[in-house]
Amino acid sequence: MRSPSNGRPPSTGGGAAPAPAPAPAPDDDFAFYYSFLQDAAADAPSSPLALDDPTAGVPAAAAGAMTNGRRRKPRGPDGGDGEGAGAAAAEKKGGKKRSIARILTSLVALEAEEHADRAGAADASRRELALLESNADTRSHAMMDYYAKMEGSFDAAADADAAARSKRSRLAASAATAAVVSADDSAAASASGASPTRAVVAAGHHQRRLWVKDRSRDWWDKCSSPDYPEEDFRRAFRMGRETFDMICDALGSAVAKEDTMLRAAIPVRQRVAVCIWRLATGEPLRLVSKRFGLGISTCHKLVLEVCAAIKTVLMPRFLQWPDESAAARFKEGFERSSGVPGVIGAMYTTHIPIIAPKISVAAYFNRRHTERNQKTSYSITLQGVVGPDGAFTDVCIGWPGSMPDDQVLEKSMLHQRAAAGMMRDSWLVGGASYPLMDWVLVPYTHPNLTWTQHAFNEKVGELRRVAVEAFARLKARWACLQKRTEVKLQDLPVVLGACCVLHNICELRGEEVDPAIRCELVDDETTPENPVRSEAAKLARDGIAHNLLHRGFAGTTFF
């Protein structure tokens, strides 16, 4: 007998209960629990007796054994005690089934609630994802609109700029045409006797004003005039007019600029004059600007451009190491004047004052100049080799002022040239600040010198004086080397190289230095830590000193 679908137990009355209607099909989630309840109802006894009689379904012998010794209580005709016990047992069993049904129903409800929660969370996640996608699409569309507007504004600005340039070009062409027509009208008016100004006004043409500050160029116009005295020109530019013209012709293609529709280019002669005047006088750029009628930044730019052109164009022609024929002439000239054989040049190192740099300040600090002048001094070194004619044959520029002369020599290209064997059978004469090497001849520096050594030092001093006087003329010609300049540290080697090249041009062309501007060199020499670095050179120096004394070249001025 199956239990009804509401989960209640069957009735325990005397008669059999009618069969219930078929239950509706359960959901898949609690199909198992529903089948279990139906099976439990089918397995239950169909009569109250079966539930009450303990001997039901038991064999007779076993039943007799069970009732042996105990008299069974008689039942009444109305089923008194027997029916009451059966009803109680059936009610107890029905209560257990109802408890199980309630537990299973609660589990099914909890499971359904869990499924509902999961479905709600999934729906919430889908809604949140849809919202994020919608926001991303909105932002993307907004950014695309912004970029489109920006691109449109840039295009509009570019179109406006192009239109403005076209308009300026048309105005410039109109101004040029007006100038030409005005000139023609002026010429026609002059031929007819009318006033040129009136002709221009009648034609309705006006010259365009340019955004250029008016500056006086009277001084330069007077200097560039052929009537300007030669001595005054030489005093101003440290060279004659012919030498100046030669330099302008050589640099013409390197420094020349083309005219534009807005302004005329600065002539080559004026460009070169600005650079040479700046190097010769060392004037501040504001004074150079007033003198030549140009802007301050323009003057600074012209100085650097012309110096770079001098280094590129003129240095290979006027500052180079002597070849074999020139070296032979140098050796002959030095030996004829001093008696020392094999000398091809005199070497000297000077210091150029600079403004304290922003980096590596300690490296450029010049302790010797600071102690002597009682003023903080910074400098860079300029090492040069001078021939018998007073012109430089090799320069090394730019090493910090704290380095001694022997270290500067070791880092120069001259030392590399000697290491490659290009100084064989040749001497460079230097002071006591250089070490004695196979190609560097220096005086004796130890105490208690002999007569021969004193005589040798005197001749070496005469040779070295050639280099000292050449450096003195260099600094006298170009006063910018005597004081701290406004040139940056990275541009200073180019400027110093241009000064050396211009010095060579003046020396080779016989340009004299005005005695009024002569300069005395003050460079403190230091003795190297290792003054003798070659025993062969030491023996060679002793032989040269001995020959000078016995050949009559050694003087006695040291007495």
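The values are calculated or read from the model by the stated rules, or taken from the named source; none is laboratory data. Quick caveat: nothing in here was measured; it's all calculated off a predicted structure. Cβ atoms come from the backbone with ideal geometry, glycine included; neighbour counts cover every protein chain shown. Protein only, heavy atoms only, side chains kept; ligands, DNA and RNA dropped before computing areas. Shrake-Rupley method; radii C 1.70, N 1.55, O 1.52, S 1.80 Å.
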H300: accessible area at probe 1.4 Å, nearest 10 Å²? 60 Å²
Rough spin-label spacing in nm, given labels placed 7 Å along Cα→Cβ, for T527 and Q407: 1.9 nm
Please get the size of the charge dipole for region 374-474, origin at its Cα centre, with Cβ charges of +1 on Lys and Arg and -1 on Asp and Glu, quoted in debye to the nearest 20. 200 debye
Nearest 0.05, what FRET efficiency do H141 and D117 give at R0 = 30 Å with Cβ-Cβ as r? 0.25
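With a Förster radius of 30 Å, plug the Cβ-Cβ distance of E332 and A419 into 1/(1 + (r/R0)^6) and report the FRET value to the nearest 0.05.
Details: r = 26 Å, r/R0 = 0.88.
Efficiency computed from Cβ-Cβ geometry: 0.70.
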For region 225-295, dividing by residue count, accessible area per residue (probe 1.4 Å) in Å² works out to 48 Å²
Label-reachable residues, region 297-328, where backbone N falls under 20 Å from a point 7 Å from A256's Cα toward its Cβ: 302-303, 305-315
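May I ask for the Rg/Rh ratio of region 273-427, computed from Cα atoms with Rh as the Kirkwood radius, given to two decimals?
Details: Rg = 19.1 Å, Rh = 18.3 Å.
Radius of gyration over Kirkwood radius for region 273-427 works out to 1.04.
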Hand me the GluC sites (Glu not before Pro) from region 226-263 located in a DSSP loop with no more than 16 other Cβ atoms within 10 Å, in residue order please. E258
Apply the Karplus parameterisation 6.51 cos²θ - 1.76 cosθ + 1.60, with θ equal to phi minus 60°, to every residue of region 236-243 and state each ³J(HN,Hα) to the nearest whole Hz, in sequence, with x for glycine and proline. 7, 10, 6, 7, x, 5, 5, 5
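Would you mind checking K358/K475; K311/K488; K257/K358; K257/K475; K311/K375; K411/K475 for any pair whose Cα atoms are more than 29 angstrom apart? Write out the running numbers ahead of the final one.
Values: K358/K475 26 Å; K311/K488 17 Å; K257/K358 35 Å; K257/K475 31 Å; K311/K375 33 Å; K411/K475 24 Å.
From K358/K475; K311/K488; K257/K358; K257/K475; K311/K375; K411/K475, over 29 Å: K257/K358; K257/K475; K311/K375.
Only sites in a loop by DSSP and with at most 15 other Cβ atoms within 10 Å count here; which GluC sites (Glu not before Pro) in region 474-559 make the cut?
Values: sites: E486, E507, E511, E512, E520, E525, E529, E535; in loops: E486, E511, E512, E520, E525, E529.
The qualifying sites are E486, E512, E520, E525, E529.
At a threshold of 8 angstrom on Cα-Cα distance, excluding pairs fewer than six apart, so keeping six or more, what relative contact order does region 455-547 reach in percent?
Details: 29 pairs, mean separation 39.3, N = 93.
Normalised by residue count, the contact order of region 455-547 is 42 percent.
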Virtual spin-label span in nm between H550 and A124, 7 Å along Cα→Cβ: 11.7 nm
Could you give the length gained on full extension between E535 and S225, defined as 0.36 nm per residue of separation minus the Cα-Cα distance, in nm? 105.4 nm
Solvent-accessible area per residue for region 435-552 at a 1.4 Å probe radius, Å²? 48 Å²
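If the viscosity is 0.692 mPa s and the temperature 37 °C, what Stokes-Einstein diffusion coefficient in µm²/s follows for region 218-361 when Rh is the Kirkwood radius over Cα pairs? Can you show the working numbers first?
Numbers: Rh = 18.3 Å.
Answer from the Stokes-Einstein relation: 179 µm²/s.
Could the peptides 421-432, 215-226, 119-130 be put in order, highest first, of the mean number of other beta-carbon atoms found within 10 Å of their residues?
Working: 421-432: 18.4, 215-226: 12.5, 119-130: 10.0.
The most tightly packed comes first, giving 421-432, 215-226, 119-130.
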